[in-house]
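A quick write-up on the structure given underneath.
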Amino acid sequence: MGFTSIFEAPGLSSAARRRARAAGPRAVAMRSTHRRLLRAAGFADVTEVDVTAAFRATAAAWLAEWESHVDDLARLEPPGAFEQRLADRRALLAAVDAGLLHRTLLTARRR
Amino acid sequence: MSVRDEREARALFDQRYGAAQVQVQYEIERRVIGGDWGANGYTTMAQADALASGLGLAASDRLLDLGTGRGWPGLYLAGRTGCRVVLTDLPLDGLRVAAARAAADRLAARAGVVVSAASALPFRAGSFDAVVHTDVLC
């Protein structure tokens, strides 16, 4: 199995965790680590690569491109929807910059 | 993720995939992630390549792509490695785009689409050699 995941940084305060969950994607909260979850599900040989820097760069690139093409893109969505996506991406980027959100790329094999 | 969250996510992606992509969106996607699959997540071509390498994907493999949207990265991985791929997601419109792309890229013989939730897959155990999902858990 191979996948990517965005998750809240470990060791956050309650307030920081709330901010991470508000700024991140819907399923960003975790009660365990990816490695533990994969092992519990019968996977081994877990390889994990931190891709947070690339995540930050990609999020910033989407935002910059969208801001450069607001007029073209906003008309493709219902009123206010694109503006909300822009606001969500700005909040996400700020959370990444604050160290609240990480992204990882994992591969693992079935035992 | 709650049932309500799932419903909202599904409604959002139904709406998003129901709208045809326009040229400027493909141009932006190429600049941001390096491809033109109608994606808007964070998985770059380099990361898709890393998944292929990490999984050791080969032409003899059967790959399942969960939450594929419009076919990214499953179709790309099928094209790159020669593997067979089944693309699954809930929004039908995204899968229609993926099927059309598979045909356009001459991958239709090795690519199938199935409307399915990842939590209730209609496949027997052992049907696949590898599973990928990107920008799905979140």
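Selection over the stretch A:36-48 of residues that are more than 7 Å from chain B (Cβ to nearest Cβ), on the phi < 0 side of the Ramachandran plot, in contact (Cβ under 8 Å) with a residue 24 or more places away in the chain and exposed (fewer than 15 other Cβ atoms within 10 Å of the Cβ) gives a count of 1.
Run down B:Asp49, B:Asp14 and say which single residue is over 24 Å from A:Ala61 (Cα atoms), surrounded by fewer than 20 Cβ atoms within 10 Å (Cβ to Cβ) and touching a residue at least 24 places away in the same chain (Cβ under 8 Å).
Working: B:Asp49 fails: over 24 Å from A:Ala61 (Cα atoms).
Going through B:Asp49, B:Asp14 in turn, just one is over 24 Å from A:Ala61 (Cα atoms), surrounded by fewer than 20 Cβ atoms within 10 Å (Cβ to Cβ) and touching a residue at least 24 places away in the same chain (Cβ under 8 Å): B:Asp14.
Output the residue which, of all residues in the stretch A:70-80 that are surrounded by 14 or more Cβ atoms within 10 Å (Cβ to Cβ) and within 11 Å of chain B (Cβ to nearest Cβ), is nearest to B:Ala9 (Cα to Cα). Walk me through it before giving the result.
Our first condition is that a residue be surrounded by 14 or more Cβ atoms within 10 Å (Cβ to Cβ); within the stretch A:70-80, this holds for A:72-74, A:76-77.
Filter again for within 11 Å of chain B (Cβ to nearest Cβ), leaving A:72-73, A:76-77.
Working: A:Asp72: 24, A:Leu73: 20, A:Leu76: 19, A:Glu77: 16 Å.
Applying the filter and picking the extreme gives A:Glu77.
The single condition among (1) within 22 Å of A:Pro25 (Cβ to Cβ); (2) free of Cβ contacts under 8 Å to residues at least 24 places away in the same chain; (3) of a type in the set (Gly, Ala, Ser); (4) more than 12 Å from chain A (Cβ to nearest Cβ) that B:Ala108 does not meet is (1).
Counted as qualifying within the stretch B:1-112 are the helices (runs of 4 or more DSSP H) with 1 or more residues that are out of contact with any strand residue (DSSP E or B) (no Cβ under 9 Å at 6 or more places or on another chain), of a type in the set (Ser, Thr, Tyr) and over 30 Å from A:Ala22 (Cβ atoms), namely B:23-32, B:74-81.
B:Gly71 passes every criterion in (1) within 15 Å of the chain's Cα centre (by Cα); (2) more than 30 Å from A:Asp71 (Cα to Cα); (3) more than 13 Å from chain A (Cβ to nearest Cβ); (4) at pLDDT 95 or above apart from (2).
Would it be correct to say that A:Leu105 is in a helix (DSSP H, G or I) and either touching a residue at least 12 places away in the same chain (Cβ under 8 Å) or at positive phi (or both)?
Values: in a helix (DSSP H, G or I): no; either touching a residue at least 12 places away in the same chain (Cβ under 8 Å) or at positive phi (or both): yes.
When the stated conditions are applied, A:Leu105 does not pass them.
The values are calculated or read from the model by the stated rules, or taken from the named source; none is laboratory data. Model, not experiment: these values are computed from the prediction. Here the Cβ is made from the backbone with ideal geometry for all residues, glycine too, and neighbour counts use every protein chain on show.
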